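The values are calculated or read from the model by the stated rules, or taken from the named source; none is laboratory data. Bear in mind the structure is a predicted one, so any value in this text is a computation, not a measurement. Positions of Cβ are generated from backbone atoms using ideal geometry, with glycine treated the same way; all protein chains shown enter the neighbour counts. In case anyone asks, the SASA skips ligands and DNA or RNA and just uses the protein heavy atoms, side chains included. Shrake-Rupley method; radii C 1.70, N 1.55, O 1.52, S 1.80 Å.
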Amino acid sequence: MSTPLLGEMSPAEAESVYFNEYPPPKTLPRHEALARAFIDLHVEAHRRVVLVTSGGTTVPLEAQTVRFIDNFSAGTRGATSAEYFLEQGYAVIFLHRQYSLLPYSRHYSHSTNCFLDFMDEAPAAADSSNPGHGPIMVRDEYQDQMRSVLRKYRYAKQNNRLLLLPFTTVSEYMFELRSIAKLMQPLGPDALFYLAAAVSDFFIPRSRMAEHKIQSSELPEHMRGSAISSDEIYTGENEENPSSNSRKLVINLDPVPKFLHQLVDGWAPEGSMVVSFKLETDPSLLVYKARTALQRYSHHLVIGNLLSTRKWEVVFITPDEPHERWLRVPKSRRSKSISGAEDQVGLAEAKKGNPSTLEEVEAQQVNETSRDGIEIESLIIPELVKLHTKMIEKKTQPAQ
Ligand code: PMT
């Protein structure tokens, strides 16, 4: 009988097999200590805490990793959302892919927004002992925007409102998510999970992974297996007789277990709110897939988005009325996006003519704009906070 795939096991079995196969990341004890102290501080202050996951996870092809599979996510959704949560008074644990975008510094770290372009060298003072070296200044036209970002950043830092915890691989993400969710138990309904990370759906289990760099050309004589033809396919796995002259690399990936069940039913605090995301590229699938996820994991909200319109529209899929609610940035306030396709806006909407029209969003007097327009996260987070508040009230008010 062949060993069942993790995706075919019960959630509890899959959890036990998955977490026993990998050593926990070396950074985990330190991250746990930081998270524990952060959570204690905010429990004491009766402050809500949101765990924001952000960015993509890598899937290593070798144990001593040279190559890995990655995905498109830059962490824009997570980093931007974290700022709006902080503005709403939440403390934020930002579990992010290392080197992806971070709250606040994202305004100056993107490759199209290089921080050096915001700076200038001012002339040296007339009495300077070093007339060739003027002070480095922020250019006039960026002063206001940078002051505002800097103030918010410093406020978050000085008041201990933002904890940054990085991961890289999919297994690091899993270990971190499980540990932090469990540490959030004392928060009860004040805990919110906002799972915006683009977690890999497929991976190579440790038991099948090559230890060393997968070879693409001739191995030395003593390391070759039996006679191998030159067009042989090398799978990259832990093979007894590695191919000496391979042409193709065929990678055999297993499904990554979805631990949302475990998160909702075990790791997350009783009464907390769990929000997951659903990304699709086919407009006709988005609402269906988001609804299916909500039914499967019985959590509180799925935020659906299309790759091509994700900066301008999202859909809230909820168990309660109205079940499907679209939030859109009005056309005149949309930021430019190289990868975006404006002609796809509205295509994924299943219930046409639902109450959340562009006019309604405009009427909400969105208060936060970037230089290029409104950020969709400035619509998402206040709506989400309203839902979280309702949930907290329900949990904490005595039954009539
Ligand atoms: O970073 P950006 O460029 O701004 O892009 C943002 C985004 C498009 C990545 C984001 O808005 C988004 O949609 N993220 C979720 C992508 C997705 O479709 O995930 P999924 O269907 O594989 O997973 C569903 C949910 O479960 C997600 O919330 C995911 O974070 C979570 N998940 C998935 C698998 C897994 N093993 N563990 C998880 O926690």
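Is it possible to state the helix-based mean residue ellipticity at 222 nm for the chain, with each DSSP H run of 4+ residues giving -39500 (n - 2.57), the sum divided by total residues, to the nearest 500 deg cm²/dmol? What is it? Write out the running numbers ahead of the final one.
Values: 9 runs with 115 residues, N = 400.
My calculation for the chain gives -9000 deg cm²/dmol from helical runs alone.
Model label sites at residue 325 and residue 285, defined 7 Å from Cα along the beta-carbon direction, differ in position by 2.7 nm. Across the stretch 56-207, the volume of the C-alpha convex hull divided among the residues equals 174 Å³ per residue.
The tail of the calculated P(r) for the stretch 1-144 beyond 28 Å holds 48 percent of all Cα-Cα pairs.
With viscosity set to 0.692 mPa s at 37 °C, what whole-number translational diffusion coefficient in µm²/s follows for the chain from Stokes-Einstein and a Kirkwood radius over Cα pairs?
Working: Rh = 23.7 Å.
D, rounded to a whole number, is 139 µm²/s.
Of the whole protein surface, residue 133 contributes about 130 Å² of accessible area at a 1.4 Å probe radius.
Starting from 0.36 nm per residue, how many nanometres of slack lie between residue 160 and residue 33 once their C-alpha separation is accounted for?
Answer, rounded to one decimal: 44.2 nm.
Put 286, 307 in order of accessible area, highest first, and with a 1.4 Å probe you get 307, 286. Ordered by 1.4 Å accessible area with all protein chains kept, 201, 254 run largest first as 201, 254.
What shape does the stretch 1-73 have by the C-alpha gyration tensor, where a ≥ b ≥ c are the square roots of the eigenvalues, rounded means a/c under 1.5, and otherwise prolate means a/b greater than b/c and oblate the rest?
The shape class here is prolate.
Of 36, 333, 106, 208, which has the most accessible area with a 1.4 Å probe, and how do the rest follow in descending order?
Working: 36 115, 333 90, 106 25, 208 55 Å².
Result, largest first: 36, 333, 208, 106.
Placing a label point 7 Å from the Cα of residue 216 along the Cα-to-Cβ direction, the residues of the stretch 67-93 whose backbone N falls under 13 Å of that point are 67-68.
Give me the percent of accessible area attributable to carbon and sulfur for the chain, probe 1.4 angstrom.
Roughly 52 percent of what the probe reaches on the chain is carbon or sulfur.
Counting heavy atoms of the protein chains only and a 1.4 Å probe, report the per residue accessible area for the chain as a whole number of Å².
Ligands and nucleic acids excluded, the figure is 53 Å² per residue.
Once you have the Cα-Cα distance between residue 151 and residue 72, take 0.36 nm times their residue separation minus that, and quote the gain in nm to one decimal. Could the numbers behind the result be given before it?
Working: separation 79, 0.36 × 79 = 28.44 nm, distance 3.06 nm.
That works out to 25.4 nm of additional length.
Is there a pair in 213/248; 258/289; 157/311; 258/278; 289/386; 152/386 whose C-alpha atoms are over 20 Å apart, and which pairs would that be? Numbers along the way, then the final one.
On the way: 213/248 15 Å; 258/289 15 Å; 157/311 27 Å; 258/278 13 Å; 289/386 24 Å; 152/386 22 Å.
In this structure, 157/311; 289/386; 152/386 lie more than 20 Å apart at Cα.
Computed from the C-beta positions of residue 113 and residue 65 and an R0 of 41 Å, the FRET efficiency is 0.85 to the nearest 0.05.
Each label point was placed 7 Å from the Cα along the Cα-to-Cβ direction; for residue 121 and residue 238 their separation is 5.7 nm.
Give, as ranges by residue number, the residues of the stretch 107-132 whose backbone N falls under 12 Å from the point 7 Å along Cα→Cβ of residue 141. Correct set: 118-119.
Model label points for residue 17 and residue 343, set 7 angstrom from Cα along the Cα-to-Cβ axis, are 4.6 nm apart.
How do 79-92, 146-159 rank on mean C-beta neighbours within 10 Å, highest first? Before the final figure, lay out each step's value.
Values: 79-92: 22.9, 146-159: 13.5.
Per-residue mean Cβ counts within 10 Å order the peptides as 79-92, 146-159.
Full extension of the chain between residue 98 and residue 5 yields a length gain of 30.6 nm, computed as 0.36 nm times the residue separation minus the alpha carbon distance.
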